[in-house]
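Working notes for the structure below.
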Amino acid sequence: MAFLHEPPPVRREILLSDLAVLSDAEAEMAAEDGALEGNQAYADLRALSVTELAQVLAREDALLIEMEAAGASGAAEVEARFADLRGLSFEPADELWGLDVGVAGVVVALSVMGACPVASCNGGAFGPGHQSQYAYVAFYLCDAALTDILCRAERTNCGLIAIDGLGHLYGPIEALIAFGRAGQTRCVASKASRETRT
């Protein structure tokens, strides 16, 4: 599927020292208020596991297949129909946790890897009505998983930079979709080792 808006050139220039720390108090207040870093629909997804990641990826894949079958002109209609169904499902994964098609998998993958995503957009890759001109996910990094995130960004040709203290993963929608699906085994090991330490 063609990417409708060109992202900035892909760069991977980020250090852990470039990133701000999200305190427990700030995270708790954001979860209560439903707002963080300007995102008025923020939801704390840090507790999601590889099980929820697999569910989101399966649902997102089904939607992407439907969009591909509908062609460029029909993809926007599929996305709009999906958006209209939000709030009607008993399972958050069926609604992609309220996230855009194309970035839902990467948001949950980052959460499982130890990041705290705060904003995302598919950049209008499948239709109009999106706030960004390109696909991205902005996140706090809650532990030292930057090496794993950087490695995955390199493997999938995503850009990774720091903007105002937040990690900013971006690129063509195909690259972000690949990031969400790359190295699921590695995500399992990372999550399991974090759960063992707590």
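The values are calculated or read from the model by the stated rules, or taken from the named source; none is laboratory data. Bear in mind that the values here come from a model prediction, so they are computed numbers and not experimental data. Backbone-built Cβ (ideal geometry, glycine too); neighbour counts: all protein chains shown.
Table: residues versus (1) at pLDDT below 85; (2) under 23 Å from G171 (Cα atoms); (3) not aliphatic (A, V, I, L, M).
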| position | (1), (2), (3) |
| --- | --- |
| T51 | no, no, yes |
| L57 | no, yes, no |
| G87 | yes, no, yes |
| G102 | no, yes, yes |
| V107 | no, yes, no |
| G114 | no, yes, yes |
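When L88 is tested against the conditions (1) over 15 Å from the mean Cα position of the chain (by Cα); (2) in a helix (DSSP H, G or I), the lone failure is (2). Would you call D100 touching a Ser or Thr at 6+ places or on another chain (Cβ under 7 Å), part of a loop (DSSP other than H, G, I, E, B) and within 18 Å of F179 (Cβ to Cβ)? Yes: the conditions hold for D100. Return yes or no: is D44 modelled with pLDDT under 85 and assigned to a loop (DSSP other than H, G, I, E, B)? Yes; evaluated as a whole, the condition is true for this residue. When we screen A70, A30 for residues that are in a helix (DSSP H, G or I), over 20 Å from Y134 (Cα atoms) and touching a Phe, Trp or Tyr at 6+ places or on another chain (Cβ under 6 Å), the only hit is A30. Taking the residues in the stretch 140-198 that are part of a helix (DSSP H, G or I) and of a type in the set (S, T, N, Q) as candidates, determine which candidate is modelled with the highest pLDDT. My answer is T156.
Considering only residues that are within 15 Å of A125 (Cβ to Cβ) and in contact (Cβ under 8 Å) with a residue 40 or more places away in the chain, which ones fall in the stretch 32-82? Once the filter is applied, which keeps residues that are within 15 Å of A125 (Cβ to Cβ) and in contact (Cβ under 8 Å) with a residue 40 or more places away in the chain, the stretch 32-82 yields E60, L64, M67, E68, A72, A75, A76, E77, V78, E79, A80.
When V107 is tested against (1) over 13 Å from G180 (Cβ atoms); (2) buried (at least 23 other Cβ atoms within 10 Å of the Cβ), only condition (1) is not met.
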